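*Asks:* For reference, the structure I am asking about is given below.
Bear in mind these aren't lab numbers, they're just calculated from the coordinates by the rules spelled out. Being a predicted model, the structure only gives us computed values, none of them experimental. Cβ: placed from backbone, ideal geometry, glycine included. Neighbour counts: every protein chain shown.
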Amino acid sequence: MGMLNEKARLDQRTIGFSALYEVAKILSDPTDLTQGLTAILRVLNAFMGMTKGTVYFYDPIRRELGIEAAFGLTNEERRRGRYQIGEGITGKVMKLGLPMVVHDISKEPHFPNKTRARQARDLQGTTFMCLPIRIRGEVLGVLSVERPSDDARASVEEDLRVLTIIASLIGHAVRLRQESARNLHTLDDWKGLRELERELVMRALHEAGGTQARAAARLGLTPRQFAYKMKKYRIIKEFRIDG
């Protein structure tokens, strides 16, 4: 049983690495923000089994949170998803700047289900995770996701680790776009997000004990693609290349 649990833990970490790698690639390309965020939510669905995902940003003029991007919601459901600061779980995360996890949202009285994306009876057995999107101490918005509570592949601890990094990356991407719009920085600022890819390659190598084939698998790459990344980022060849 212990070996099975360890294998499951390693599998989850591999999935997390792959998801972070895909998110880094999306955010390193300064394209339309909403399209990029929607692509990130699709990654969370494909890699981590998140059935619904939403990115809210705070509108200081309306003084409320509105949906910037979503996965698993209709346009009408998106329009209904607006929260005041402190309202519901989403508004509380925005106010407190702290993540919140509800293991079964059907039992949570502070889950208003404003989008009405699910009927009340369908909320049972659904885990809801909500995290602040912050940069330099300022909370810009909220990232929220849902997944089945009985998903044997999932680990709340591992999910939160990955989602926390993704929320932070989103915050950096938003700030870079804001500053670029004000002509305060050039596109060279995007090198910070590109450097994340290098860090993930290095971390995958470390987790794989220096074996390139295993590290490539952690990031969902072929050995040839991984070798190209090592050359691209001038990673010193001090790791084994055998599988």
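*Asks:* Counting only residues 5 or more places away or on other chains, whose amide H sits under 5 Å from the amide H of Glu87 once H atoms are built in the peptide plane?
*Replies:* For Glu87, the qualifying residues are Lys92.
*Asks:* Right, something else. Under a point spin-label approximation (7 Å from Cα along Cα-to-Cβ), what is the Asp32-Lys114 distance to one decimal in nm?
*Replies:* Going by the 7 Å Cα→Cβ label model, 2.4 nm.
*Asks:* What does region 51-183 give for Rg and for Dmax, in Å, if only its C-alpha atoms count?
*Replies:* 14.6, 50
*Asks:* HN-Hα J couplings of region 34-41 from phi, Karplus 6.51/-1.76/1.60, θ = phi - 60°, integer Hz, Gly and Pro as x?
*Replies:* The phi angles translate into 4, 4, x, 5, 5, 5, 5, 5 Hz.
*Asks:* A further question follows. Between Ser155 and Thr211, what is the label-to-label distance in nm when each label sits 7 Å out along the Cα-to-Cβ direction?
*Replies:* 1.9
*Asks:* For Arg234 and Arg63 in one chain, what is 0.36 nm times their gap in residues minus the Cα-Cα distance, to one decimal in nm?
*Replies:* 56.9 nm
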